[in-house]
Every structure is written in structure tokens, then in C-alpha cells.
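Chemist: I am attaching a structure below and will ask some questions about it afterwards.
What follows is calculated from the coordinates using simple rules that are stated; it is not laboratory data. Because the structure is a prediction, the values reported are computed rather than measured. Cβ atoms come from the backbone with ideal geometry, glycine included; neighbour counts cover every protein chain shown.
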């Protein structure tokens, strides 16, 4: 290395260092102290704290009539990407949160049941002062959304959409003969406890999206995204959540709901069979409408987003 080159390099490094210092001094908004002075904590600005001390992460995009999305087990608000992008581009305000113990929310030990899920959703809607809102829930999120509307949503809710949702009751009982036997859910718990990572890979690559069906167009990206969302959450929350989504009887919740409700379900749903869910739910709802999708799987919000998004938009605007 020549002396001239060394001299030029030294000169440039001095100029860059001086410019960096000047920029930092002239841009106090980038400093941590200035952020605190403005009352903004970048680590908590997308969180709310519930009455029992749980930090709930949420997204809030756009302006207009609010649509609140409730995700399925064991996922996060990221599972609604295709819907949130679609509706924000159609002039709606879109909101989604990570359920307690899921995604980026607190990995608390307790409260993994439908009652707490609904109360957490209420805390979010009250914090954001949402009114005339449309609530859309998928799978376990459908149970959460139904419980929220029935128990906390009076005067705040315009419409409800339940997609491949768990109500009224997934578990097979003497009065619910088309339900799923308890042994299946015991198997879920055993598989989760033994090897959660492999269990989630098996669910995503098999029945959830219907990728185990002959001729199915398999999306590795969807499988990996499902696995990613699941593994971010708490094993304890997911383990307890199996009882919540399988054994909670929401018959009375459905009877209380008095807003227009669209029930959307695929007739090839291998996770939440239509005969024990949507077909019963629509009979309990005061203003329910059932739309069945031939051959669609449980994860149809991803595999058939274009069709479902258009149908949801039409219902909201009707």
C-alpha cells in the first residue's frame, strides 16, 4: 500500500467520521433520549397491557371502518397478511393482535381459554375505541370472535364473519355425536409435548391446507410460514389452547349474537369438520348465513384468499 493511498484513505475516514458526528448532532430525533422526550417507546408502542398484566401485540393499519381479525391456533396476526393487505387497500382500517401466549404477545402461564381470549379482544377494542367494527375470526379465532361479540361487543360491532370456526363445540359428546373424539385431542397434546416442531410441520404440510390430498398444489412457503408462527409462541399456551378450542361449548354465545353473521366453511375441512361446526352454528345464530366452499381446506384463507376476500368484502358492503 503506497504512502499516497494511505494518506487519501486516512483523509476520507476523517471526513466520514466528521460527517457522521454532524448528522447525529443535527438529528436528535434519532437518539434514544429524544424518543423518550417525545413519549414514544419503540419497544411497546404496538402493545397494550390487559388488566391481568398481559402485553398484547397488535397491528393497526389504515383508516375507515375498522375490521378486527382473530387468528387461529397456534398462529399469530401474521396469518392475516393476505386479508389485511386486501382490505386496507379497499379503504378499511385493519387491526389484528397476537393472542396471549401466541406470536409476540406475553408468554404467560395462565388464561388460555375462550373467556380470557374474548376479554383480551375487548381490552384491545376499548383501547382503540373501535365502533361499527366488523370482526373476522378463523378457527379458534372464530370462537374468540364469537365470544367477544356475544359477551363484550354490544354497541361496538356491525357484523361478524366466522371462517372455518370451532363453534359451537368440537368435542364429541352424547349430545354432539358428530364431534371429534377426545382421543384425537389427547393425541394432539401428546405430539406437542413430545416434539412440537415436528408436530407443527406435520399439521401444516398435511391436513391444515389439504396438502395431503391427491393432486394438491403444495406451497412450501405456506408450510414454513405456519411453522414459523407456531414456533414463536408459547408451548404452554398452545398446549392449554387445545382444551380451549376443543372442549368449549359456545352454544349460548351464538344464541346471543344479534348482528349479521357470515359463516364460511370448506366441505373438505379436515381440522374442523363442517357437520359439527358451521352447519350447527348457522342454526343458532339470529342473523346467520352459511356459505360452503366445495373442496376447500381448513386453511382456505391462504390457499383461496382471492375467493374468500371477495366474498367477505361483498358481505361487509351488503
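Chemist: For volume of the Cα convex hull per residue in Å³, one of (i) 195; (ii) 182; (iii) 160 was computed from the structure I shared and the rest are decoys. Which label?
Modeler: Looking at volume of the Cα convex hull per residue in Å³ for this model, the match is (i).
Chemist: Something else about it: So how compact is the stretch 95-252: Cα radius of gyration and Dmax in angstrom?
Modeler: In order Rg, Dmax, the Cα atoms of the stretch 95-252 give 16.3, 47 Å.
Chemist: Would you mind computing, in nm to one decimal, how far apart the modelled labels at residue 202 and residue 154 are, each placed 7 Å from Cα along Cα→Cβ?
Modeler: So the label points at residue 202 and residue 154 sit 4.6 nm apart.
Chemist: Mind checking the full-extension length gain between residue 247 and residue 311? Use 0.36 nm per residue of separation minus the Cα-Cα distance, one decimal, nm.
Modeler: Working: separation 64, 0.36 × 64 = 23.04 nm, distance 3.00 nm.
Roughly 20.0 nm would be gained on extension.
Chemist: Going by alpha carbons, how many degrees (0 to 90, nearest 10) lie between the helix axis of 140-151 and the longest principal axis of the chain?
Modeler: 80 degrees
Chemist: Cα axis of helix 220-232 to longest principal axis of the chain: angle in degrees, 0 to 90, nearest 10?
Modeler: 80 degrees
Chemist: What does the convex hull of the alpha-carbon atoms of the stretch 214-316 project to on average, in nm²? Could you put the intermediate results ahead of the total?
Modeler: Numbers: hull surface 32.1 nm².
Averaged projected hull area, Cα only: 8.0 nm².
Chemist: Roughly what angle does helix 114-127 make with the longest principal axis of the chain, taking Cα atoms, 0 to 90 degrees, to the nearest 10?
Modeler: In the chain, helix 114-127 runs at an angle near 50 degrees to the longest axis.
Chemist: Now, a different point. Determine the percent antiparallel among the DSSP beta bridges restricted to the chain, to the nearest 5. Spell out each step's value before the answer.
Modeler: Numbers: 8 of 33 bridges.
Restricted to the chain, the bridges split so that about 25 percent are antiparallel.
Chemist: What does the highest-first list of 57-68, 176-187 look like by mean Cβ count within 10 Å?
Modeler: Values: 57-68: 17.7, 176-187: 13.8.
Result, highest mean Cβ count within 10 Å first: 57-68, 176-187.
Chemist: Where does the chain land at 222 nm, in deg cm²/dmol rounded to the nearest 500, when only DSSP H runs of n ≥ 4 count, each adding -39500 (n - 2.57), divided by all residues? Don't skip to the end; give the middle numbers.
Modeler: Details: 12 runs with 144 residues, N = 318.
Theoretical 222 nm ellipticity from helices: -14000 deg cm²/dmol.
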